[in-house]
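First the structure, in the form of structure tokens, and then the observations on it.
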Amino acid sequence: MSKTIPIVDAQHAGSAYQHVPGHPDPQLSAVAKGTPTGEYLRRYWQPVALSADVTDRPQMVRILGEDLVLFRDKAGRPGLLYPRCMHRGTSLYYGHVEEAGIRCCYHGWLFAVDGTCLNQPCEPEGGLRREAARQPWYPVEERYGLVFAYMGPPEKKPVLPRYDILEDLEEGEFIEVNGDSFIAYADHMEDPNVPYHWLQNWENIMDPYHVYILHSTFSGIQFAENFKILPRVDFEAVDGGVIYHAWRDLEDGRQLERINSALFPNISAIPMVDASPGQGRWIGWHVAVDDQHFRGFFAARTKQPGNFAPFKMHNGKSWTELSEQEKQDFPGDFEAQFGQGRVTLHGEEHLATSDRGIALLRRQMKQQIAIVQQGGDPAGVHFNEADALVRIRSGNFYTTSDKTETDAA
């Protein structure tokens, strides 16, 4: 058992030799079935793929520590099944998709998208008891160009929520989607699985101070000139999440109020990072792949594609174009978050007043975890369609000296 080495005198205080390594918070770090956070995340719908990417070609997906096979039958219905065929264990990744479902390559058992066994060709009459066979499956629904899965207790399945900023599209508007973990890389990646814990990315949404340091002074202007001003900040627990208000007094006499939202369990609503005025139009999901990887999905309301064009991090270069030395000299979110380790050591943190949003978000999240552990329903979960519309407050709002709103940038 390790112990702290006593400090001999003040001259040696803080020596790394006396340091005892910390540990991740066990209540927050694990996402597998049966863990506190894993069960909490499973009480919500999680995006698993872009709708356009789900075809009659089976694909493997990993989410919340589970490996699953995703496909779309030839009638157009998406399905998400446990990959090992219940008959003899061969992976359905090698199955062929048909009108009614997916057929195992080994002995031809055919499973519908809800796991129902429809045919056992080597058995008498196609399987006299095939109705008793059920391949493990998860329900899926499509919305906003994404495929969502519910992986929690069947009797607790909520309705799939809607978000006001993605509803009631005007003429010429459409929903642009991205599954390349844009929020971590600001670029398009061949492998969208980001190699660190999902919470390190999600809780960053409640850290307005890093925008002032990392994105505006340390690495130069990565977002907008207005963010060079140290903001006055207030954090607020709201129904279903946490928001912050960050006020900046601009040189031209106007004031910028930036509102950012982190919604349970792993959703962000970020205003435009170029500081352009108006309500935010993005929704992001920070989806845990496992304990050390996550994947980011985004949906944006727009009239023009290109919301997810590679972001220029330095000298006109996107993240994938930067050398390792340039990433050291001009780090962004990936470097700051990956630099915490695959799973940050919460026991080594020294939270300060500027971390009030992080502390509040974690505290609120732990309260929701406790509600789930006690058999209750966490915030943001609804079982009636009429209650499932989420209203987003995020945006960049400018006021003049007389407090009247203006659209001037």
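Restricting to region 208-231, and then to whatever is in contact (Cβ under 8 Å) with a residue 60 or more places away in the chain and either out of contact with any strand residue (DSSP E or B) (no Cβ under 9 Å at 6 or more places or on another chain) or open to solvent by less than 10 Å² (accessible area, probe 1.4 Å) (or both), can you tell me which residue is nearest to F148 (Cα to Cα)?
P208
Quick test for you: out of V147, V97, pick the one residue that is touching a helix residue (DSSP H, G or I) at 6+ places or on another chain (Cβ under 7 Å) and not basic (K, R).
V147
Given the conditions (1) part of a loop (DSSP other than H, G, I, E, B); (2) modelled with pLDDT of 95 or more; (3) open to solvent by 40 Å² or more (accessible area, probe 1.4 Å); (4) farther than 20 Å from A246 by Cβ, report the number of the one that R393 does not fulfil.
For R393, the failing item is (4).
Output the residue which, of all residues in region 338-368 that are part of a helix (DSSP H, G or I) and without any contact (Cβ under 8 Å) to a residue 24 or more places away in the chain, is nearest to E203 (Cα to Cα).
A359
For region 137-157, give me each residue that is in contact with a strand residue (DSSP E or B) (Cβ under 7 Å, 6 or more places away or on another chain) and part of a loop (DSSP other than H, G, I, E, B).
Those that are in contact with a strand residue (DSSP E or B) (Cβ under 7 Å, 6 or more places away or on another chain) and part of a loop (DSSP other than H, G, I, E, B): P139, Y144, G145, M151, K157.
Go through the residues of region 132-140 one by one and say whether even a single one is closer than 20 Å to E385 by Cβ and either open to solvent by 70 Å² or more (accessible area, probe 1.4 Å) or within 21 Å of the chain's Cα centre (by Cα) (or both).
yes
Would you mention how many residues in region 230-239 are assigned to a loop (DSSP other than H, G, I, E, B) and at pLDDT 95 or above?
The number of residues fulfilling the criteria is 2.
Are there any strands (runs of 3 or more DSSP E) wholly within region 246-337 with 3 or more residues that are more than 24 Å from V233 (Cα to Cα) and open to solvent by less than 30 Å² (accessible area, probe 1.4 Å), and if so which?
Passing ranges, in order: 282-290, 293-302.
Of all residues in region 31-86 being free of Cβ contacts under 8 Å to residues at least 24 places away in the same chain and not in a strand (DSSP E or B), which is nearest to the chain's Cα centre (by Cα)?
Out of the qualifying residues, it is T35.
For P305, state whether it is under 27 Å from A49 (Cα atoms), in contact with a helix residue (DSSP H, G or I) (Cβ under 8 Å, 6 or more places away or on another chain) and at pLDDT below 95.
no
Answer with yes or no whether E203 is surrounded by 21 or more Cβ atoms within 10 Å (Cβ to Cβ) and either free of Cβ contacts under 8 Å to residues at least 12 places away in the same chain or in a helix (DSSP H, G or I) (or both).
Yes, satisfied.
The values are calculated or read from the model by the stated rules, or taken from the named source; none is laboratory data. All of these numbers come straight from a predicted model, not from anything done at the bench. Glycine also receives a Cβ, built like all others from the backbone with ideal geometry; neighbour counts cover every protein chain displayed. Keep in mind that these areas ignore ligands, DNA and RNA; they rest on the heavy atoms of the full protein, side chains included. Shrake-Rupley method; radii C 1.70, N 1.55, O 1.52, S 1.80 Å.
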